[in-house]
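Working notes for the structure below.
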């Protein structure tokens, strides 16, 4: 093998595992969604990182329908518990038949929807395609669960990963997605494009000379879309309404008879939250009861949820140990406005639900997870929302500048997300539409002079 062949062998090459047949597309599908479907079918194994409200459910069901028709075998859609029934309802709206099952059984529908927790009941050899809905939750699962999902999918020829746009500085998530698709393992990705940031081996940063190549590689197997205009599509109707933050700080008694002691670390903040449950719950309930319209109340502690339900008129608390059927019923009731005020934790109902009908959100407390907060907000503040969204954040005077910290992280995420979309734009357009990115030809006009020595 000569040197050039050796170098070429090191280049990453995306393996096309799909098909080019003109797909079935519902009449109501938008141009950017249709192009995402066509591209993902050509690739066979792909990721669609479409921001909230851009129609991931329609896109993934259309992809699944075409894979099912092409292979004449069923396709499995794996979703969080509370999103499964919503997926079925969305499918009916667009004329795509899907059925929710928790274990293998005879069904007329050949698109099967199940939960991540039920995946162990299924045989991968029975399916030609698999879709991971809200696949970003993989990074929040145990290592054994991620391994199970990756191994289960490894023999399925057609794979699609769907989630909102990933956090631009969370490269571990991108590695998890790449590994599920069989593109490149997380370890290989880190070794090729990243370097340890100092002595902290849990932090990685892009190699300076490899940034362009990383975004080019990412665009060969994923589409990152925060807004249709990012890739030159018509953006009419996709401008989000304003979001309004209101911070409510409840006062507590000074612990040293002079001043309130403000928490300085995670452990102290958690302690402050536990010790101020009653004050914060009372304020959150007062805010929720002041509205005669749908209100979504987010909590983090079991005590918070129980007490909120007793104080907020006509509310229901959806908690972890509740039976799955009850959870689904209450969440669908809120979707259909049969229930006006819903209480839950972001880790239970914070992924995938479409609640554009609700524009009032109350946090009785915030965890230190930026993604958890972001996902909870985006249940309501998403494309399709017609009203300004009010976010009420209740905290105690012992927790410090909670809202300032959230706004700082939000600004950082926005800036980095826009940078990621900008860096990937030309590569993605090239992948979807076959338009080659503009390049400046290298025209050497200065001769090289070697030193005398």
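Bear in mind that the values in this text are calculations on the coordinates, not laboratory data. Please read all numbers here as calculations on a predicted model, not as lab measurements. Neighbour counts are summed over all protein chains in view; Cβ atoms, including those assigned to glycine, are modelled from backbone coordinates with ideal geometry.
Starting from 0.36 nm per residue, how many nanometres of slack lie between residue 125 and residue 286 once their C-alpha separation is accounted for?
Value of the extension gain: 52.6 nm.
Pairs of Cα atoms under 8 Å, at least six residues apart: use those to get the relative contact order of the chain, whole percent.
About 16 percent, as a whole number.
Before rounding to the nearest 500, sum -39500 (n - 2.57) across all DSSP H runs of length at least 4 in the chain and divide by the residue total; then give [θ] at 222 nm in deg cm²/dmol.
The per-residue figure over the chain is -12500 deg cm²/dmol.
Tell me the label only: which of (1) 26.4; (2) 24.0; (3) 24.9 is Kirkwood radius over Cα pairs in Å as calculated from this structure?
Given (1) 26.4; (2) 24.0; (3) 24.9, the calculated one carries the label (2).
Calculate, for residue 323 and residue 148, the FRET efficiency according to 1/(1 + (r/R0)^6) with r their C-beta to C-beta distance and R0 22 Å; round to the nearest 0.05.
The pair residue 323/residue 148 has a calculated efficiency of 0.40.
What nm distance separates the two modelled labels at residue 414 and residue 245, each placed 7 Å from Cα along Cα→Cβ?
1.0 nm
Taking Cα atoms, how many degrees apart are the long axis of helix 31-43 and the longest axis of the chain, rounded to 10 and kept between 0 and 90?
60 degrees
Using a 10 Å cut-off around each Cβ, can you sort 24, 3 from fewest to most neighbouring Cβ atoms?
Ascending Cβ contact count within 10 Å gives the list 3, 24.
Determine, from the Cβ-Cβ distance of residue 430 and residue 235 and an R0 of 22 Å, the FRET efficiency 1/(1 + (r/R0)^6), rounded to the nearest 0.05.
The formula returns an efficiency of 0.60 here.
Helix 277-289 versus the longest principal axis of the chain: what angle, 0 to 90°, nearest 10, using Cα atoms?
Once rounded, the angle reads 80 degrees.
Within the chain, what percent of beta bridges assigned by DSSP are antiparallel, to the nearest 5?
Around 10 percent antiparallel, to the nearest 5.
At q = 0.14 Å⁻¹, what is the log10 ratio I(q)/I(0) for segment 243-408, with the Debye formula run over Cα points and no solvent?
-0.68
Rounded to the nearest 10 degrees, what's the angle between the helix 211-221 long axis and the longest principal axis of the chain, both from Cα atoms, 0 to 90?
Tilt relative to the chain: about 90 degrees.
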